[in-house]
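Colleague: Starting off with a structure, shown below.
The values are calculated or read from the model by the stated rules, or taken from the named source; none is laboratory data. Computed from a prediction, not measured in an experiment: that's the story for all the values here. Positions of Cβ are generated from backbone atoms using ideal geometry, with glycine treated the same way; all protein chains shown enter the neighbour counts.
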Amino acid sequence: MGVMRIGHVSLRVTGDMEKCRRHYEKMLGLYETHRDPDGTTYYKCWDEWDKYSVQLTPAKDPGANHIAYKVEKDSDLDLFTKRITEYGIKVEQLKPGEIPFVGRAIRFALPNTTRMVLYAEKEFVGKNVGVHDPDPWPDDIHGCGVMHLDHTLLMCELDPVRGVNKVAECTDFAMKCLDFYMTERLVGGPDKKVLGLSFLSCSSKPHDLAFVGGNRNGFHHMAFYLESWEDVGRAGDVMAKHRTRIDQGPTRHGITRGRTIYFFDPAGNRNETFAGLGYFANRDMPIIEWSEENIGRAIFYPTGVINDAFRDEYTAAS
Ligand SMILES: [Fe+2]
């Protein structure tokens, strides 16, 4: 049993829906796979095989409706329901189709209030290059040409003075109930006992889900995968052509060694283009630990400087 990977993010977008669609389709390079009468639009990346990894829903406020991860087997949903309930968190059972194009699913709130969905089945559409003698990329690749949705990073309220640490609570839950394992962490405070950041994996990637401490809970970003530094550099050019609001980069993380650009969609939700697998992660890999005084290099390795927007500007996740 187990959580295999991120499945999709259901995102709230505001304002001009066409502008948001252009951002995800023309700029990032996603492919529209469905549109509901109310304007809700579904996208997949060219190297993904399920119906969608991004659901854009027209809304009054930006943010994430939920983050969804795919589990290996349908019966895993019963086992996770039992574990999560015993942990003390309420689990909703969703019938097939309640999450569009998805089989039965479970939904619950993480300790930082982010709604999370687990499911085992989603309508299959196939990779854009197919699986029989495939070419390395499709002829109609466009924009940044992102390959797949890679991970999400969630903000967690952290106030050691008041004894609030949602990073620690979310991490404990994800490791105990969902079998994620820790690859990297940052510890701070007088006794180096305050968990300020944790990167968790359910695969052999450096992270599939991350929790970072901040003033309030929220949705920090979702990241789309690219192959190389060159692709990240080219993505910067594509963003400039589209007048995309860039937050940081192109640059590199100390954590995960990933190469990155952070930028915003027209509604203010942060996206990332993320390249390189960084290293081969495994359950027996020693946890990489960052100290509080090096948090700058952990996040943005070349400069060691964390800009105010990166720290303070993010949308809601519930
Ligand atoms: Fe990221």
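Colleague: Is it the case that some residue within the range 223-245 is closer than 25 Å to C156 by Cα, at pLDDT 95 or above and touching a Lys or Arg at 6+ places or on another chain (Cβ under 8 Å)? Quick ask: steps written out before the conclusion?
Modeller: Initially, the range 223-245 is screened for residues closer than 25 Å to C156 by Cα, giving 223-225, 245.
Cutting the leftovers down to at pLDDT 95 or above gives us 223-225, 245.
Pick out the ones that are also touching a Lys or Arg at 6+ places or on another chain (Cβ under 8 Å) and you get none.
No, the range 223-245 contains no residue that is closer than 25 Å to C156 by Cα, at pLDDT 95 or above and touching a Lys or Arg at 6+ places or on another chain (Cβ under 8 Å).
Colleague: From the list E86, E92, E98, which one is touching a Phe, Trp or Tyr at 6+ places or on another chain (Cβ under 9 Å), among the acidic types (D, E) and in the same structural domain as P37 (by TED's automatic domain parsing)? It would help to see each step written out before you state the result.
Modeller: Details: E86 fails: touching a Phe, Trp or Tyr at 6+ places or on another chain (Cβ under 9 Å); E98 fails: touching a Phe, Trp or Tyr at 6+ places or on another chain (Cβ under 9 Å).
Going through E86, E92, E98 in turn, the sole match is E92.
Colleague: Report the residue count in the range 261-297 for those that are at pLDDT 95 or above, among the aliphatic types (A, V, I, L, M) and closer than 22 Å to S201 by Cα.
Modeller: Summing the residues that are at pLDDT 95 or above, among the aliphatic types (A, V, I, L, M) and closer than 22 Å to S201 by Cα in the range 261-297 gives 6.
Colleague: Which residue out of F180, F219 is in contact with a Leu (Cβ under 6 Å, 6 or more places away or on another chain), outside the structural domain of M27 (by TED's automatic domain parsing) and of a type in the set (A, V, I, L, M, F, W, C)?
Modeller: Numbers: F219 fails: in contact with a Leu (Cβ under 6 Å, 6 or more places away or on another chain).
Residue meeting the stated conditions: F180.
Colleague: Is it the case that some residue within the range 189-203 is part of a loop (DSSP other than H, G, I, E, B), at pLDDT 95 or above and touching a Cys at 6+ places or on another chain (Cβ under 6 Å)?
Modeller: Going residue by residue through the range 189-203, those that are part of a loop (DSSP other than H, G, I, E, B) are 189-193, 202-203.
Checking which are at pLDDT 95 or above leaves us with 202-203.
Checking the rest, the ones that are also touching a Cys at 6+ places or on another chain (Cβ under 6 Å) come to none.
No, every residue in the range 189-203 fails to be part of a loop (DSSP other than H, G, I, E, B), at pLDDT 95 or above and touching a Cys at 6+ places or on another chain (Cβ under 6 Å).
Colleague: Then there's this: Which residue pairs have Cβ atoms closer than 6 Å, lie 6 or more positions apart in sequence or on different chains, and pair a first residue in the range 150-178 that is closer than 23 Å to L77 by Cβ and in a helix (DSSP H, G or I) with a second residue that is of a type outside the set (V, I, T) and within 16 Å of the ligand (Cβ to nearest atom)?
Modeller: From the range 150-178, the pairs are C170/C156; C170/F211; T171/S198; T171/F211; A174/F180; A174/L200.
Colleague: Filtering the range 264-278 down to residues that are away from the ligand (no atom under 16 Å from the Cβ) and within 18 Å of D312 (Cβ to Cβ), which residue is nearest to the chain's Cα centre (by Cα)? Working first, answer last.
Modeller: At the first step, the residues of the range 264-278 found to be away from the ligand (no atom under 16 Å from the Cβ) are 266-268.
Adding the requirement that they be within 18 Å of D312 (Cβ to Cβ) leaves 267-268.
Working: A267: 17, G268: 16 Å.
Selected residue: G268.
Colleague: What are the residues in the range 85-117 that are small (G, A, S) and without any contact (Cβ under 8 Å) to a residue 24 or more places away in the chain, if any? So that I can check it myself, show each step before the final result.
Modeller: Keep residues of the range 85-117 that are small (G, A, S), which gives 88, 97, 103, 105, 109.
G88, G97, listed by residue number.
Colleague: Out of all the residues in the range 140-183, which are away from the ligand (no atom under 15 Å from the Cβ) and among the β-branched types (V, I, T)?
Modeller: If the condition is that a residue be away from the ligand (no atom under 15 Å from the Cβ) and among the β-branched types (V, I, T), then I141, V161, V164, V167, T171 are the ones that fit.
Colleague: From the list A281, A316, A298, which residue is in contact (Cβ under 8 Å) with a residue 60 or more places away in the chain, more than 16 Å from the ligand (Cβ to nearest atom) and of a type in the set (G, A, S)?
Modeller: Numbers: A281 fails: more than 16 Å from the ligand (Cβ to nearest atom); A298 fails: more than 16 Å from the ligand (Cβ to nearest atom).
It is A316.
Colleague: Turning to a different aspect of this structure: State the number of residues belonging to the range 205-216 that are buried (at least 22 other Cβ atoms within 10 Å of the Cβ) and either without any contact (Cβ under 8 Å) to a residue 24 or more places away in the chain or more than 15 Å from the ligand (Cβ to nearest atom) (or both).
Modeller: Final tally of qualifying residues: 1.
Colleague: What's the total number of residues in the range 161-204 that are at negative phi, surrounded by fewer than 22 Cβ atoms within 10 Å (Cβ to Cβ) and among the charged types (D, E, K, R)?
Modeller: Counting residues in the range 161-204 that are at negative phi, surrounded by fewer than 22 Cβ atoms within 10 Å (Cβ to Cβ) and among the charged types (D, E, K, R) gives 7.
Colleague: Further, regarding this structure: Check off (1) more than 24 Å from L118 (Cβ to Cβ); (2) within 13 Å of the ligand (Cβ to nearest atom) for L200 and give me the number that stays unchecked.
Modeller: Of (1) more than 24 Å from L118 (Cβ to Cβ); (2) within 13 Å of the ligand (Cβ to nearest atom), only one is false for L200: (1).
Colleague: Moving on to the next point. Restricting to the range 226-255, what's the tally of residues that are within 12 Å of the ligand (Cβ to nearest atom) and out of contact with any Ser or Thr (no Cβ under 8 Å at 6 or more places or on another chain)?
Modeller: Total satisfying the criteria: 2.
Colleague: Still on this structure, I have one more. When you go through I295, I261 one by one, which is the residue that is within 18 Å of the chain's Cα centre (by Cα) and among the hydrophobic types (A, V, I, L, M, F, W, C)? Lay out the reasoning, then the answer.
Modeller: Values: I295 fails: within 18 Å of the chain's Cα centre (by Cα).
Just one listed residue meets the conditions, I261.
Table: residues versus (1) of a type in the set (F, W, Y); (2) within 26 Å of L11 (Cβ to Cβ).
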{"site": "G214", "(1), (2)": "no, yes"}
{"site": "K241", "(1), (2)": "no, yes"}
{"site": "R245", "(1), (2)": "no, yes"}
{"site": "I255", "(1), (2)": "no, yes"}
{"site": "Y262", "(1), (2)": "yes, yes"}
{"site": "A298", "(1), (2)": "no, no"}
{"site": "P302", "(1), (2)": "no, no"}
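Colleague: Hand me the list of helices (runs of 4 or more DSSP H) wholly inside the range 209-318 holding 1 or more residues that are in contact with an Asp or Glu (Cβ under 7 Å, 6 or more places away or on another chain) and not aliphatic (A, V, I, L, M).
Modeller: By residue number, 308-312.
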